[in-house]
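Read through the structure below, which is laid out as structure tokens, and then see the notes.
The values are calculated or read from the model by the stated rules, or taken from the named source; none is laboratory data. Model, not experiment: these values are computed from the prediction. Note that we place each Cβ from the backbone using ideal geometry, even for glycine, and neighbour counts take in every protein chain shown. Accessible surface areas use protein heavy atoms only, side chains included; no ligands, DNA or RNA. Shrake-Rupley method; radii C 1.70, N 1.55, O 1.52, S 1.80 Å.
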Amino acid sequence: MGWLLRRFLKLWVRAAVQPVEAPPALTDPRVPVCYVLETDSMADLAVLCNVTEKRKLPYPEKRSSSLPVEQRRSYFDVGRKRRFWDSVPTRKPPSYLLALVDALSADSVRDIVLVPTAVYWGRAPQKEGSWLRLLFAENWVLTSRVRKFFSVLINGRNVMVEMGEPITLRSLLDATPVGDQARRVTRILRGNLRRQRAIRIGPDLSHRRTIVAQVLRARAVRAVVAADAREKHGDFRPGLLQARKYAFEIAANYSHAFVQIAEKLLGRVWNRVYDGVKINHASTLKEVSEGNEVVYVPCHRSHMDYLLMSYIIYHQGYALPHIAAGINLNIPVVGRYLRKGGAFFIRRSFGGNALYTVVFMKYLAAIMARGHSIEYFIEGGRSRTGRLLQPKTGMLSMTVRSFLRDPVRPVVFVPVYFGYERIVEANTYLSELSGAPKKKESWWDVLTSFKVLRERFGTVHVNVGEPIRLTDMLDARLPAWRDQKFDDDTRSPAINALIGDLASGIMKGINSAAAVTPINLLATCLLASPRGALPESALIRQLEMYLKLLHLSPYAPRVTVTDANPAEIVNYGESLKLISRVPHKLGDIVKMSDQSAQLIAYYRNNVLHLFALPSLIACAFIGNAMLRAEDIQRLAWRIYPYVASELFLRWREDELAKVVDGILAALAELGVLQPNEDRSVWMRPAPDSPGALQLSMLSQSTIQTIERYYLAISLLLKAGSGVMNQKALEQRCQLAAQRINMLYGFNSPEFFDRALFENFIDLLRERGVLKAGEGGNLEFDAVLVRVAADAQLVLSEQIRHSILQVTQV
């Protein structure tokens, strides 16, 4: 019977094997090998036999001559057996394992290599071609013989055999009785196989009622309910019912079958809407998945982020994360299916609701304890300007505190960068940037979203950033954290500071994995010209200069840059209708198309941080033909902290001098700056040279940032020390910036973004340039005057006069 089944499955089954290269322990003839299967399944065993025979590995049904057990096989399973008359499955260890442990206990020289092996039917989503296969794909439910038959029949072309890390049996033994040793080894092997299965198909979350019940049993939840009942002199039950209502409002209802069906649908959508979805540094997922609680922290550019992130993780062969989604997305029908895809919902504000807060925290702790990866957007909402928003640390704080209370699995944060060549929500963002209120999501939005299927949105780039290990940060900042006890009421300034540093590190990690697309480069070039238009020859020269600069002075190892050459970049922009060409006898003019002109700054801002330092250096030569190297370093040191805070630049201040030297060397090689012999003095090229034009265009990337800083400082100096509080200054800055934007036509809505002024003033206070005096009014001394003087050195006289003219009103 077994021989016949193997012959049939050899013809029918197509199995992928992980790992691709067999571990050395399996090819060492000196130590016998024994395979450990999850369950007693003839089909799984037959597939394993065929795989090992094909790969010339030890054969499971052939007894090794060096095995100490007289049986004609080299395998056993650790599935719990349940006979017809048993009320519960037996917990006895496998008899074959008992014999192996007994033999090794009697012989101190022998050893055996155990290989935990799992066979998954229908797991690999990229190879599923039939909707029927999804109904019989792998899950955590105990499989009947009938279901197994259909699973083999329907998913036989889509099988994964995973051989886990080999374990020597002797390393698991101790001096206890043989039966106790065998039971302990069985538990270890079952645990290894469960972890392998959790990585491939996700942990067993059962139904959400199970997690809700666990949350409601939590001592902290019941304590809040009891305190509320005492305060209101009421019954305990209404509070518990309210907690239950909150838990069901929050909880996901993950369905593996739904996820597999959704994967097929989304695959068709991506092929229709995008030219492709490119993922870079995907090997990082494998590095962090084993034994860690993975928290994905992507930037938030579009509603597509939710779907793309899940699709990519699943397509790489890993379990879907549970995704924190805003309660605004919990609309009828849509919310239900988002829950099935792993979304759990969170209110924008907890509003001092102690019961909701504790229920949410315990839910988060429950899914973390069960080993499920999590995904949330640390910015809190979608960026309308293309820049990263300042991080919201609420979810981050709850994640860190949940780990400190119960440090079961190490937590690893994985920053992820999304790079879109065209954004689906373009029209919505434009209306909101123009002052329209944010619209609440509705069914109408869902229905009208189908029109995007008729458009083309280019390629999506998804770059995985450098993982951040929470334990490493804790060891560096709180060496004694393992000896401390943390509970729900623990509040520590050191923990708060760590969470702030972690948030900043995540944002820098996202920016350090940026993807530079043709559209980003076109936007950066065209926005540097007065009217968003350039001769084609000048545009190609500038594109070539930017590409060389990115290679000569790379921002970070994980940044990816388009392989297209300048001419191909221009053609690609035309094909997406983001730029247009105006024929002319002296050479074609390339300009932003009418429909993209208002949003082109969005795509420039995606990669603005990559050009920030080179652009700041170029700004120094707007009004100066020659500068000493020490003056350039001083200007960079003066301005860098504020730009770094705004754009989440990766370098520490003590690294800045070396970075500036490297950028100066790159600019010299490109011919846009010229040093003297010992490089102590730097000069811009002749005004009528192509290099001078390129340097001027490079400076435009950050010139508005410096103008915004100079505007705030000018308003403060004009008002005088101790006259104006921060709120009034922010309001004056926003109004003056709006006026400048109207007068001079800046195509950059973030120029008058009040949040950017707020962050700048906060940093001035943090660095001691400003301080709050009596009544909260801002006070300053000569340091602010020196900052203004350095800004004057960078800005041209014309720009300074334009700003001062507005501040006089």
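Assorted remarks:
- Single residue of region 146-176 satisfying the filter (in a loop (DSSP other than H, G, I, E, B) and touching a helix residue (DSSP H, G or I) at 6+ places or on another chain (Cβ under 7 Å)) that is modelled with the highest pLDDT: Pro166
- Index of the failed condition, Leu695 passing every other in (1) open to solvent by less than 50 Å² (accessible area, probe 1.4 Å); (2) of a type outside the set (Val, Ile, Thr); (3) modelled with pLDDT under 90: (3)
- Qualifying residue in region 133-145 (condition: among the hydroxyl-bearing types (Ser, Thr, Tyr), over 15 Å from Asp40 (Cα atoms) and at pLDDT below 85): no
- Flag for Asp594 being at pLDDT below 90, surrounded by fewer than 17 Cβ atoms within 10 Å (Cβ to Cβ), more than 21 Å from Ser701 (Cβ to Cβ) and of a type in the set (D, E, K, R): yes
- The one condition in (1) more than 21 Å from Asn511 (Cβ to Cβ); (2) open to solvent by 20 Å² or more (accessible area, probe 1.4 Å); (3) without any contact (Cβ under 8 Å) to a residue 24 or more places away in the chain; (4) not basic (Lys, Arg) that Ala325 fails to fulfil: (2)
- Every pair of residues 6+ apart whose Cβ atoms lie under 6 Å, when the first sits in region 652-666 and is over 16 Å from Ser504 (Cβ atoms) while the second is open to solvent by 30 Å² or more (accessible area, probe 1.4 Å) and among the hydroxyl-bearing types (Ser, Thr, Tyr): Gly662/Ser553; Ile663/Ser553; Ala666/Ser553
- For region 191-205, the criterion of being of a type outside the set (Val, Ile, Thr), surrounded by fewer than 15 Cβ atoms within 10 Å (Cβ to Cβ), over 25 Å from the mean Cα position of the chain (by Cα) and modelled with pLDDT of 85 or more is satisfied by at least one residue.
- Screening Phe350, Phe344, Phe248, Phe258 for residues that are of a type outside the set (S, T, N, Q) and touching a His at 6+ places or on another chain (Cβ under 6 Å) leaves exactly one candidate, Phe344.
- Residues in region 311-322 that are touching a residue at least 40 places away in the same chain (Cβ under 8 Å) and not hydrophobic (A, V, I, L, M, F, W, C): Tyr311, Tyr314, His315, Gly317, Tyr318, Pro321, His322.
- Those helices (runs of 4 or more DSSP H) lying entirely in region 599-684 with at least 2 residues out of contact with any helix residue (DSSP H, G or I) (no Cβ under 9 Å at 6 or more places or on another chain): 656-670
- The test for being farther than 29 Å from Ile600 by Cβ and either modelled with pLDDT under 85 or in contact with a Pro (Cβ under 9 Å, 6 or more places away or on another chain) (or both) holds for Ala668.
- In the set (1) surrounded by 20 or more Cβ atoms within 10 Å (Cβ to Cβ); (2) closer than 23 Å to Pro415 by Cβ, Leu673 fails one condition alone, (2).
- The lone criterion from (1) modelled with pLDDT of 75 or more; (2) more than 40 Å from the chain's Cα centre (by Cα); (3) among the basic types (Lys, Arg) left unmet by Arg765 is number (2).
- Remark: Trp651 matches the filter, which requires a residue to be of a type in the set (Phe, Trp, Tyr) and either surrounded by fewer than 22 Cβ atoms within 10 Å (Cβ to Cβ) or in contact with a Gly (Cβ under 9 Å, 6 or more places away or on another chain) (or both).
- Close Cβ contacts (under 6 Å, 6 or more residues apart or on different chains) running from residues in region 9-34 that are part of a helix (DSSP H, G or I) to residues that are modelled with pLDDT under 85 comprise Trp12/Gly156.
- When restricted to residues that are of a type in the set (Gly, Ala, Ser) and in a helix (DSSP H, G or I), region 240-289 contains 7.
- Residue within region 22-36 that is among the small types (Gly, Ala, Ser) and within 19 Å of Asn155 (Cα to Cα) present: no
- Of all residues assigned to region 311-326, at least one qualifies as being in a loop (DSSP other than H, G, I, E, B) and aliphatic (A, V, I, L, M).
- Glu53 being modelled with pLDDT of 85 or more, open to solvent by 60 Å² or more (accessible area, probe 1.4 Å) and either part of a loop (DSSP other than H, G, I, E, B) or in contact with a Lys or Arg (Cβ under 9 Å, 6 or more places away or on another chain) (or both): yes
- Among residues of region 491-541, those that are part of a loop (DSSP other than H, G, I, E, B) and surrounded by 24 or more Cβ atoms within 10 Å (Cβ to Cβ), counted: 3
This table checks each residue for (1) β-branched (Val, Ile, Thr); (2) at pLDDT 95 or above; (3) under 30 Å from His584 (Cα atoms).
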site: Arg482; (1), (2), (3): no, no, no
site: Asp488; (1), (2), (3): no, no, no
site: Ile495; (1), (2), (3): yes, no, no
site: Ala503; (1), (2), (3): no, yes, no
site: Lys508; (1), (2), (3): no, yes, no
site: Ala523; (1), (2), (3): no, no, yes
site: Leu527; (1), (2), (3): no, no, yes
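- Flag if Asp174 is closer than 30 Å to Pro68 by Cβ and either under 31 Å from the mean Cα position of the chain (by Cα) or open to solvent by 40 Å² or more (accessible area, probe 1.4 Å) (or both): yes
- Among the residues making up region 712-744, those that are closer than 17 Å to Leu778 by Cβ and touching a Ser or Thr at 6+ places or on another chain (Cβ under 7 Å) are Ser714, Leu715, Lys718, Ala736.
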